[in-house]
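Working notes, beginning with the structure itself.
The values are calculated or read from the model by the stated rules, or taken from the named source; none is laboratory data. Every value quoted in this text rests on a predicted model; they were computed, and no experiment measured them. Don't worry about glycine lacking a Cβ; one is built from the backbone with ideal geometry, like all the others, and counts go over all protein chains shown. Just so you know, the surface numbers come from the protein's heavy atoms only, side chains and all, with ligands and any DNA or RNA stripped out. Shrake-Rupley method; radii C 1.70, N 1.55, O 1.52, S 1.80 Å.
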Amino acid sequence: MSTQFSDKGVALPGSDLTVVSGVCFKVHKKNLECASSIFADMLEVGTSGSEVALVEPATVLARVLPFAYPYPIEAPDLVICPEIAIHVSRAMLKYQLIRGTEAVTYSLSRALAEAASAPPSLELATTAAQITHYFHLPEQLYKWVQYVIGSLGIIPRVEIKMRLSRVACVDEEFVNRLD
């Protein structure tokens, strides 16, 4: 097992706690307790010995657990795909790892800025709508989706609006602003 966080687990030297989620993350209990009152309460009440099971998948935990450590613990890339980024952010919020939440938001902002230079597509607009709305960046989202829609002249606006209105986190007011 590696000493670097990955979705295959980790085994840090001197670890005294195993976090299980399909794979094993051998970590330091004190780091989790100090980084998060949620982890502290969970470990105080819910652990029998040196193992705790979490519901988040390994892909998410590999990106969350490093934020229980001070720098320079290296975390895997936070933004693999939008769906994972959203799950990572939810876990960061759930476990109150504020530094991690800020890192995810920053990574997503960078990813969206890079995506703006990619060839526009309806899939890209939909994904951007999901991410930026989830992370409360509505004005940035609106401007970026307007740019993508403007670049997709061959796709009827009605189809774009219909597709975006089906995205769970995009409200009707946002879609109506695209006229």
Discussion item. Show me the ranking of peptides 87-100, 4-17 by mean Cβ neighbours inside 10 Å, starting with the highest.
Written reply: 87-100, 4-17
Worksheet item: What accessible surface, in Å², does a 1.4 Å probe find on Thr101, ignoring ligands, DNA and RNA and rounding to the nearest 10?
Response: 20 Å²
Worksheet item: Out of residues 5 or more away from Leu17 or on other chains, whose amide H comes under 5 Å of its own, with H placed 1.01 Å from N in the peptide plane?
Response: Val27, Lys29
